[in-house]
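To keep things clear, I will list the structure first and then write my remarks on it.
The values are calculated or read from the model by the stated rules, or taken from the named source; none is laboratory data. The structure displayed is predicted, hence computed values, not measured ones. Here the Cβ is made from the backbone with ideal geometry for all residues, glycine too, and neighbour counts use every protein chain on show. Note: accessible area is taken over every heavy atom of the protein model, side chains too, but ligands, DNA and RNA are not part of it. Shrake-Rupley method; radii C 1.70, N 1.55, O 1.52, S 1.80 Å.
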Amino acid sequence: MLILANATVVIGDGATVIAGGAVGVEDGRVTDVRRGWIAGTGDSTMDLGGRLLVPGAINAHAHAGVVCPLFASGAPALTFERVLANLDYHLRGGTTTILNLDGFNLPAEIDASARAHPINLRAATIHFPLSVQAARQADGSGLRSEHEAMTVEQMLVAGAVAIGEVGGGHTLGGGGQDYMYIPLAVERETGVRLTPHQAAEIKYAVLGRRVHVEAYDRNRVEAALAAAGLAGRITPDRTREIIHSCVLPSFQTALEGLREAGRLAAHHRVPAVVHTSAPSELAIDDAADAAGPFLISGHTNHSTFTVEESLACARRLRAKGVWIEVSTLDAFGLRRLVPRPDNLYALLRHDLVDFVTTDYAGGNWDNPYTGVAHAVADGVLTLPKAVALVSRNVTRAYPALAPDRGEIAPGKAADLVVCRDRLDQVDLVFVNGRLVCEGGAVKRSPAAAPADA
């Protein structure tokens with residue numbers, strides 16, 4: 001038995017903290033949790049010196065954890081080494097389970113990542129016709145015939161635990177457009193690469209926050225172009241054509257896909273996570289009417305909402321039984337997509353959040369424990385509530401995602417994280433009782449390529 005002793009144990013139930021606690025681990029499972037410990041013969045004891053001991057985070061909104069078509073737009077896959085580096089980053093931040101929401105993934109693609117990395121990896125599916133149609137309209141260059149031939153039903157039999165992510169910023173005029181498609185299109189036209197913030201400002205000037213073609217404001221477009229250094233390089237009318245060509249082809253199809261996701265979730269009685277934003281809000285309401293508690297409102301703190309709109313959306317969806325997810329995105333680190341966590345904090349303060357995830361944020365996401373550590377430091381959350389929002393709470397919304405994880409309790413899988421003074425100061429990570437990350441060094445499986453330097 002391994003004994004992790006002299007720890008501040010935060011159970012994950014939202015309330016319990018054991019100072020001077022200890023956790024026993026044997027055969028990959030937690031065997032005992034108590035205050036103090038008397039080691040038995042043959043026990044191996046690790047003195048944690050009062051550091052925090054918390055459950056491994058469960059991130060139910062991750063992307064690029066599998067070599068497969070990316071996002072709802074079916075964009076080209078990343079390299080295997082880049083995918084492994086992404087999984088390393090999750091693990092270094094104290095995340096021990098992820099749900100890959102690149103829903104065009106196939107069983108063999110999922111298995112390749114799962115075999116090569118110690119993180120617990122589960123997957124979802126969006127293999128239904130409206131998703132394929134929207135992907136082809138937005139991009140689809142990463143799709144092969146086998147991705148299009150797969151079905152939701154086949155994937156659920158093969159082990160997918162959810163439907164999702166249905167819709168996305170890439171098909172619904174959100175952040176995926178801001179960091180990916182709009183900058184690429186403008187660069188082809190002008191030679192200038194926009195930042196995500198610049199792309200968003202131009203997009204809003206053309207389509208507004210809710211993607212309405214009648215929202216076009218020529219003066220605002222001119223101002224946004226000037227601020228981006230594009231004055232004289234491209235006209236407002238040509239800019240409108242480019243924004244329309246990026247955003248609109250997939251938009252209506254993707255909205256219908258959200259409604260279909262609600263029907264599929266209700267039919268199969270599995271969770272469906274949908275892209276919640278100001279442009280998709282009405283379709284999400286329709287999906288909620290169909291699916292109720294089988295629907296997950298993804299990133300309900302989306303930056304297209306004002307604070308008041310985000311709160312109103314969460315209250316309305318929760319009244320229909322929908323689970324409210326919020327995402328850290330990059331609001332605590334690079335802040336290229338989300339400069340401030342205002343919507344996130346408002347939802348937390350009003351107790352409208354069921355669990356916290358990351359999303360992708362152009363590959364610059366802040367890990368779950370990073371986001372909630374800031375919320376604790378800023379007085380928005382208590383420590384035990386913060387831990388529960390990224391561990392046990394997730395398992396309530398996704399029963400098949402991590403049924404034996406999310407809490408430090410006898411019989412649970414020993415997915416454990418040791419932190420210093422804050423939840424984002426991760427020293428040690430255990431998965432199934434095995435030390436897989438120490439001081440930021442990830443111990444991949446022998447089948448994996450070497451970690452990035």
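Which of (1) within 19 Å of the chain's Cα centre (by Cα); (2) under 30 Å from T253 (Cβ atoms); (3) of a type outside the set (A, V, I, L, M) is the odd one out, the single condition G56 does not satisfy? All conditions are met except number (2). Residue-level check: of (1) surrounded by fewer than 17 Cβ atoms within 10 Å (Cβ to Cβ); (2) in contact (Cβ under 8 Å) with a residue 60 or more places away in the chain, G20 misses just (2). Taking the criterion of being in contact with a Cys (Cβ under 8 Å, 6 or more places away or on another chain) and of a type in the set (A, V, I, L, M, F, W, C), the only residue of the range 24-52 that qualifies is L52.
Based on what the data block shows, is A377 of a type in the set (A, V, I, L, M), touching a residue at least 24 places away in the same chain (Cβ under 8 Å) and open to solvent by 40 Å² or more (accessible area, probe 1.4 Å)? So A377 fits the description; yes. Which of the residues that make up the range 1-16 are within 17 Å of C419 (Cα to Cα) and surrounded by fewer than 16 Cβ atoms within 10 Å (Cβ to Cβ)? If the condition is that a residue be within 17 Å of C419 (Cα to Cα) and surrounded by fewer than 16 Cβ atoms within 10 Å (Cβ to Cβ), then no residue fits. Residues that are in a loop (DSSP other than H, G, I, E, B) and of a type in the set (D, E, K, R) were ranked within the range 433-449; the one that is modelled with the highest pLDDT is K443. The residues in the range 384-398 that are open to solvent by 50 Å² or more (accessible area, probe 1.4 Å) and touching a helix residue (DSSP H, G or I) at 6+ places or on another chain (Cβ under 9 Å) can be counted, and the count is 1. Residue check: Y89 meets all listed conditions (1) open to solvent by 10 Å² or more (accessible area, probe 1.4 Å); (2) farther than 21 Å from R444 by Cα; (3) within 14 Å of the chain's Cα centre (by Cα) but one, namely (2).
Of V376, V380, which residue is at negative phi, among the β-branched types (V, I, T), out of contact with any strand residue (DSSP E or B) (no Cβ under 8 Å at 6 or more places or on another chain) and assigned to a loop (DSSP other than H, G, I, E, B)? After applying the criteria, what remains is V380.
Among residues of the range 393-411 that are touching a residue at least 40 places away in the same chain (Cβ under 8 Å), those with a Cβ under 6 angstrom from a residue that is open to solvent by less than 50 Å² (accessible area, probe 1.4 Å) and in a helix (DSSP H, G or I), sequence gap 6+ or separate chain, pair up as A402/T395; G406/T395. In the set (1) under 22 Å from R122 (Cα atoms); (2) in a loop (DSSP other than H, G, I, E, B); (3) in contact with a Leu (Cβ under 9 Å, 6 or more places away or on another chain), D421 fails one condition alone, (1). Checking every residue in the range 37-53 against the condition of being open to solvent by less than 10 Å² (accessible area, probe 1.4 Å), assigned to a loop (DSSP other than H, G, I, E, B), small (G, A, S) and touching a strand residue (DSSP E or B) at 6+ places or on another chain (Cβ under 8 Å) gives zero matches.
Scanning the range 316-362 for residues that are of a type in the set (G, A, S), open to solvent by 10 Å² or more (accessible area, probe 1.4 Å), part of a loop (DSSP other than H, G, I, E, B) and on the phi < 0 side of the Ramachandran plot yields a single hit, G333.
Rundown of residues vs (1) over 22 Å from G140 (Cα atoms); (2) in a helix (DSSP H, G or I); (3) not aromatic (F, W, Y), yes/no style:
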| position | (1), (2), (3) |
| --- | --- |
| R240 | yes, yes, yes |
| S250 | no, yes, yes |
| E256 | no, yes, yes |
| H267 | yes, yes, yes |
| A278 | yes, no, yes |
| G292 | yes, yes, yes |
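Candidates are the residues of the range 268-307 that are open to solvent by 30 Å² or more (accessible area, probe 1.4 Å) and among the polar types (S, T, N, Q); the one that is farthest from the chain's Cα centre (by Cα) is T306.
The condition of being of a type in the set (A, V, I, L, M, F, W, C), open to solvent by 50 Å² or more (accessible area, probe 1.4 Å) and over 21 Å from V211 (Cα atoms) holds for only one of A231, A265, that being A231.
Yes or no, residue by residue, for (1) at pLDDT 95 or above; (2) farther than 18 Å from H170 by Cβ; (3) touching a strand residue (DSSP E or B) at 6+ places or on another chain (Cβ under 8 Å):
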| position | (1), (2), (3) |
| --- | --- |
| P271 | yes, yes, yes |
| A278 | yes, no, no |
| A290 | yes, yes, no |
| V307 | yes, yes, no |
| A312 | yes, yes, no |
| L329 | yes, no, no |
| R335 | yes, yes, no |
| A346 | yes, yes, no |
| L352 | yes, yes, yes |
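Table: residues versus (1) more than 21 Å from the chain's Cα centre (by Cα); (2) closer than 21 Å to Y89 by Cα; (3) open to solvent by 30 Å² or more (accessible area, probe 1.4 Å); (4) of a type in the set (D, E, K, R).
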position: N105; (1), (2), (3), (4): no, yes, no, no
position: L121; (1), (2), (3), (4): no, yes, no, no
position: Q133; (1), (2), (3), (4): yes, no, yes, no
position: R136; (1), (2), (3), (4): yes, no, yes, yes
position: D139; (1), (2), (3), (4): yes, no, yes, yes
position: E148; (1), (2), (3), (4): yes, no, yes, yes
position: T151; (1), (2), (3), (4): yes, no, yes, no
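The requirement of being modelled with pLDDT of 95 or more, among the hydrophobic types (A, V, I, L, M, F, W, C), surrounded by 17 or more Cβ atoms within 10 Å (Cβ to Cβ) and in a strand (DSSP E or B) is satisfied by V30.
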